Ligand code: SF4
């Protein structure tokens, strides 16, 4: 008779996307996740679960993941398993030697998107970057949302002050370049985004979607408008122009730059921008009137508009329109969340360009250089050339522009170390791979994402599965930070880099707040939890700040705590020198001439855009069998009229300035003529990715061009890429 095994149920936050849904996991006696449900009692997600969340168990224990440190023999290009101590010893021997020979700037780092979802990524990776002391920091931010953060930084003084649409109360939502029915939301944390949009319509609200494709989101909207890729800034300037011209302003906040904004919008009257956008002037004027007339309204624009040539101007105009129509910082409009855990306390107004990249002199933003110039910095000889690289949870060969060039560059590094769960197209170049534990073995708190939530909320999840004799993800990052500088990094040396780092942060914060005598009151099983407790206690709802929240409160409420609807937060969130919202930052006004210069440019005959897929998330979820299939395919969507016009068959050769690909075609009327769409994150080639390799697809970033950027933010351009198509 088989032994009776006992299962147990645990609650935790889904770490897979920005929607932060509550999960109810069933684990068997051997700690395997055997069932996943949405947590019905989570006050924010109310039981919502998408296919990715439902596959959490398979992802947690993907048999193809790396489970022990690996060291690569460069001569044979083979991997061998080593102990944790040996891995860190090897790093401590190799990495500091490169830096000693070539200087601090010969080190670089790349951080992937999953860092935004982990405690280790948010609390310990910054310490790793400080240890490196290099200005060569790159991340997925400049392949994604940097335009929004630069626009927010310049308008509000703080790049993390990002207004989100007040989804649950708005009467009118104008959405550009976003497809939350596939992505589940981005820079707008909203579990069950689809349900929230349907509720908007049920209560009589109006949803207008602007996109070069009839996306799944567009299909549930009241109105969908096709737009020429990359022309969102023209549309929004047309709306701003109309608001001024028709005296539709309802500015309710303290702001500077109104006259400058009016002047900047003057050349972009709707009849002029109509040809560039493909949207009739009368429609642009109507949108402006509808936004002004709605009791409450919000404009929201996401990745399709950020990863375009005028991404930052677009993001600026989104919030300029929200402000001009009386909807910025107002219920039902675009509002700022109040996150429970105190984040980085900034004291100076945001600015970019405090240093520039070595090769192309591109300005930094938020302490990062554009990922589009990472290959330049590795390949170009000279002082400061990157020779030693650290990557954490990233696969830029598939997710950054000109991926093939970056692949070539990584092969030329003197030393590379990756913290990653897979041998992938990027980490295959590493000398050492340090695997993180299973997600169920890590604590979870959303430090970043809850700053962009549509409702104030907090939830903490402890690890569910013991670590055994392997280090936690935080300990891996902390030990790596020590090893990179040759500092003591193992217990054998009497070192505990994680605890030492935590103590430094905790005492520094306590002393700053004049609370040093309360160190012993901090709750938590380890120093990581004590840090979280401190951030909660001195945060806006904290029990050391007049509220009630601390780690104990969250542990006692494992479904999460609803902290209420968004509240007006101006002027408290502002860090501008004027202490007002800047409606016309000079740096963005300076970029308007670039926009004007392309006002009459004729669109290329064919352009490429990306697309989001419900069962996919960038490059790292294609090895999960239950997620493969259905619409999760790497095909080039194309209008049937273009197939016929170009005489194409099932496949086509796509050429851009950067490269050439042969792709499978998916003819569909849902994409506008002259535009083709290819999802990114595909092109898997590694033998160890058994599932992903069987569904390899092609790397869209062979086609994207790392020489084209959104100038103010340095963001890569993935949408509106000129291409040609010929039969395969
Ligand atoms: S929507 Fe995102 S957070 Fe929610 S279950 Fe799916 S992957 Fe997880």
Fill in: Evaluation of residue 616 against (1) in contact with a helix residue (DSSP H, G or I) (Cβ under 6 Å, 6 or more places away or on another chain); (2) modelled with pLDDT under 95 (one fails), failing number
(1)
Worksheet entry | Lone qualifier among 549, 566, 608 - being touching a strand residue (DSSP E or B) at 6+ places or on another chain (Cβ under 6 Å), closer than 29 Å to residue 676 by Cα and at pLDDT 95 or above | 608
Item to complete: Please identify the pairs in which a residue from the range 38-51 that is within 8 Å of residue 192 (Cα to Cα) and modelled with pLDDT of 95 or more has its Cβ atom under 6 Å from the Cβ atom of a residue that is part of a loop (DSSP other than H, G, I, E, B) and near the ligand (Cβ under 10 Å from one of its atoms), counting only partners at least 6 apart or on another chain.
Response: 45/21; 45/191; 48/21; 48/191; 48/192
Fill in: Qualifying residue in the range 432-447 (condition: without any contact (Cβ under 8 Å) to a residue 40 or more places away in the chain and over 22 Å from residue 17 (Cα atoms))
no
Worksheet item: Is there any pair linking a residue in the range 353-369 that is on the phi > 0 side of the Ramachandran plot to one that is in a loop (DSSP other than H, G, I, E, B), with Cβ under 7 Å and at least six apart or on different chains, and which?
Response: 353/364; 366/159
Practice prompt. Could you tell me whether any residue of the range 525-537 is in a loop (DSSP other than H, G, I, E, B) and surrounded by fewer than 20 Cβ atoms within 10 Å (Cβ to Cβ)?
Written response: yes
Worksheet entry | Residues of the range 16-35 that turn out to be touching a strand residue (DSSP E or B) at 6+ places or on another chain (Cβ under 6 Å) and without any contact (Cβ under 8 Å) to a residue 40 or more places away in the chain, as a count | 6
Practice prompt. Please state which one of 658, 641, 603, 652 is assigned to a strand (DSSP E or B) and within 28 Å of residue 276 (Cβ to Cβ).
Written response: 652
Practice prompt. Need at least 3 residues that are touching a residue at least 60 places away in the same chain (Cβ under 8 Å), under 18 Å from residue 310 (Cβ atoms) and in contact with a helix residue (DSSP H, G or I) (Cβ under 8 Å, 6 or more places away or on another chain) per element, so show me which helices (runs of 4 or more DSSP H) inside the range 135-220 make the cut, counting only ones lying wholly within it.
Written response: 146-156
Fill in: Test set (1) farther than 23 Å from residue 603 by Cβ; (2) in contact with a strand residue (DSSP E or B) (Cβ under 7 Å, 6 or more places away or on another chain); (3) within 16 Å of the ligand (Cβ to nearest atom) - residue 205 fails condition number
(3)
Fill in: Unmet criterion (only one of (1) touching a residue at least 40 places away in the same chain (Cβ under 8 Å); (2) within 13 Å of the ligand (Cβ to nearest atom); (3) under 18 Å from residue 441 (Cβ atoms); (4) surrounded by fewer than 23 Cβ atoms within 10 Å (Cβ to Cβ)) for residue 13
(4)
Fill in: Residues (under 14 Å from residue 336 (Cα atoms) and surrounded by fewer than 21 Cβ atoms within 10 Å (Cβ to Cβ)) located in the range 538-569
540, 564, 565, 567, 568, 569
Practice prompt. Give the residues of the range 44-58 that are closer than 22 Å to residue 420 by Cβ and more than 10 Å from the ligand (Cβ to nearest atom), sorted by residue number.
Written response: 57, 58
Worksheet item: residue 422 is checked against (1) crowded, with 24+ Cβ neighbours inside 10 Å; (2) not in a loop (DSSP other than H, G, I, E, B) and fails just one. What number does that condition carry?
Response: (2)
Worksheet entry | Test: residue 66 is more than 13 Å from the ligand (Cβ to nearest atom) and either modelled with pLDDT of 95 or more or surrounded by 19 or more Cβ atoms within 10 Å (Cβ to Cβ) (or both) | yes
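The values are calculated or read from the model by the stated rules, or taken from the named source; none is laboratory data. A quick note: this is a predicted structure, and the numbers were derived from the prediction, not measured. Positions of Cβ are generated from backbone atoms using ideal geometry, with glycine treated the same way; all protein chains shown enter the neighbour counts.
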